[in-house]
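Reading through the structure tokens given below for one structure.
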Amino acid sequence: MSSSPQATCTEDAAPDHISHVNEQLAQLREQIAALGVGKESKRDRQKLNQAIYKLELGDEYVAAVKERDAATKSEAAAATLVAEAAAAAARALEDAAAAAAIALLRHPTPARDKLELEQHYRQQVEALFDEYADHFEQALCEGLRYRTPDHLYAMHLERSGRTPTDIAEGILSRMAAVDFGCGTGLMGVQLRVACCGRLIGCDLSRGMLKVAATRHKGVYDELVASDAISFLRKLSPGSADLIVGCDVCVYLRSLEPMFAAAEAALCEGGVLAFSTESCTLEEASGGLPPNGDGFVERPSERIAHSPEYLHWLVASRGGTMEMVSLAEVDLRMDGARMIRGNIAIMAKRRAG
């Protein structure tokens with residue numbers, strides 16, 4: 001147990017020694033600068049220069065400088081590797097997280113075992129996103145050309161069915177806006193300028209929330225560590241006028257629980273906007289519910305939902321929700337292939 005403090009002291013010794021010697025060198029050079037130019041100052045100048053040479057050529061100082069320079073080169077090389085590996089890291093993160101999230105559904109178990117496994121896989125997903133949180137934005141935006149927040153924000157502004165005043169002023173929310181599965185805050189940055197009320201973000205990964213709170217400080221009024229559906233179910237009925245889920249549905253099979261929770265939380269006229277990866281109805285197992293799923297699991301182990309399934313979601317609510325718009329867009333790269341998806345904008349009907 002005593003080895004850790006000792007190791008810390010050893011690691012800190014080199015920079016401390018360099019700093020101490022540099023302070024001495026600065027003082028000696030100040031003394032030289034203060035000397036006159038006549039012969040009477042020559043001997044003093046020689047002594048001061050000898051003292052400088054002695055300090056600069058000291059074995060401990062030279063070794064410390066070499067160690068510092070080597071560490072600097074190592075950090076630069078590491079930064080380069082991070083940039084080059086950004087796309088691969090993001091893909092590995094998404095694939096592993098999706099696999100962990102749906103593994104439980106592939107292996108049905110008794111209720112008690114199911115609960116334990118559910119908690120286990122939730123912890124796995126959380127740990128994976130925590131691990132990659134610091135480099136997640138770079139990996140997505142640079143490596144995978146991720147532009148889903150841009151698409152969702154632009155389409156929502158144009159087609160959300162808001163009042164003429166809100167459209168003219170560019171306002172999306174006056175009450176409370178919820179960014180579920182907010183990650184590091186890429187969607188929140190887009191939403192903040194158009195939200196007059198509170199903007200709340202929730203995500204399963206505390207690592208992601210930490211990045212959102214520091215890198216995009218001031219964007220969210222509140223950040224909550226929670227899975228999306230649980231958080232939406234805890235909202236007061238009719239308390240939100242905007243609910244947004246960006247790149248979250250790829251980890252959800254049936255969207256009915258999310259959709260029902262969002263509908264309950266929305267006020268009349270409130271908007272639900274989210275993105276999905278897209279599949280054809282023929283790809284979906286058995287077609288639409290109740291005979292089929294309406295979605296398909298890709299080889300990447302992410303879930304793709306058919307446009308017909310999204311329309312079925314709205315129809316299944318008995319007229320309380322309406323589809324404002326549904327458009328196919330490019331979401332991001334997967335290797336050399338562009339992933340296509342849908343941006344869905346839905347609204348809760350007003351009474352009468």
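Observations on the structure shown:
- First in the stretch 217-234 and touching a residue at least 40 places away in the same chain (Cβ under 8 Å) and surrounded by 18 or more Cβ atoms within 10 Å (Cβ to Cβ), second anywhere and of a type in the set (Gly, Ala, Ser) and in a strand (DSSP E or B), Cβ under 7 Å, 6 or more apart: 220/201; 223/201; 228/245
- Of residues in the stretch 27-49 being aliphatic (A, V, I, L, M) and open to solvent by 80 Å² or more (accessible area, probe 1.4 Å), the one modelled with the highest pLDDT: 34
- Selection status of residue 332, in contact with a helix residue (DSSP H, G or I) (Cβ under 9 Å, 6 or more places away or on another chain) and either modelled with pLDDT under 95 or in a loop (DSSP other than H, G, I, E, B) (or both): yes
- Residue within the stretch 96-108 that is open to solvent by 50 Å² or more (accessible area, probe 1.4 Å), touching a helix residue (DSSP H, G or I) at 6+ places or on another chain (Cβ under 9 Å), at pLDDT below 55 and within 30 Å of residue 302 (Cβ to Cβ) present: yes
- Just so you know, in the stretch 264-280 the residues that are out of contact with any Gly (no Cβ under 6 Å at 6 or more places or on another chain) and open to solvent by 20 Å² or more (accessible area, probe 1.4 Å) include one that is nearest to residue 334 (Cα to Cα), and it is 280.
- Residue 148 being at pLDDT 70 or above and open to solvent by 40 Å² or more (accessible area, probe 1.4 Å): no
- Looking only at residues in the stretch 231-267 that are at pLDDT 95 or above and charged (D, E, K, R), the one that is farthest from residue 220 (Cα to Cα) is 256.
- Within the stretch 323-352, tally of residues that are over 22 Å from the mean Cα position of the chain (by Cα), of a type in the set (Lys, Arg) and either open to solvent by 50 Å² or more (accessible area, probe 1.4 Å) or more than 19 Å from residue 313 (Cβ to Cβ) (or both): 3
- Residue 288, sole failed condition from (1) assigned to a loop (DSSP other than H, G, I, E, B); (2) under 28 Å from residue 200 (Cβ atoms); (3) open to solvent by less than 60 Å² (accessible area, probe 1.4 Å): (2)
- Any chance residue 247 is within 18 Å of residue 153 (Cα to Cα) and touching a residue at least 40 places away in the same chain (Cβ under 8 Å): yes
- The residues of the stretch 184-199 that are in a loop (DSSP other than H, G, I, E, B) and open to solvent by 10 Å² or more (accessible area, probe 1.4 Å), listed by number, are 193, 196, 197.
- Verdict on residue 244 being surrounded by 20 or more Cβ atoms within 10 Å (Cβ to Cβ), under 15 Å from residue 176 (Cα atoms) and hydrophobic (A, V, I, L, M, F, W, C): yes
The values are calculated or read from the model by the stated rules, or taken from the named source; none is laboratory data. Treat the numbers as computed from the prediction; the structure is a model and nothing was measured. Every residue, glycine as well, gets a Cβ built from its backbone with ideal geometry; the counts of neighbours run over all protein chains shown. Areas reflect the complete protein model, heavy atoms only, side chains present, ligands, DNA and RNA absent. Shrake-Rupley method; radii C 1.70, N 1.55, O 1.52, S 1.80 Å.
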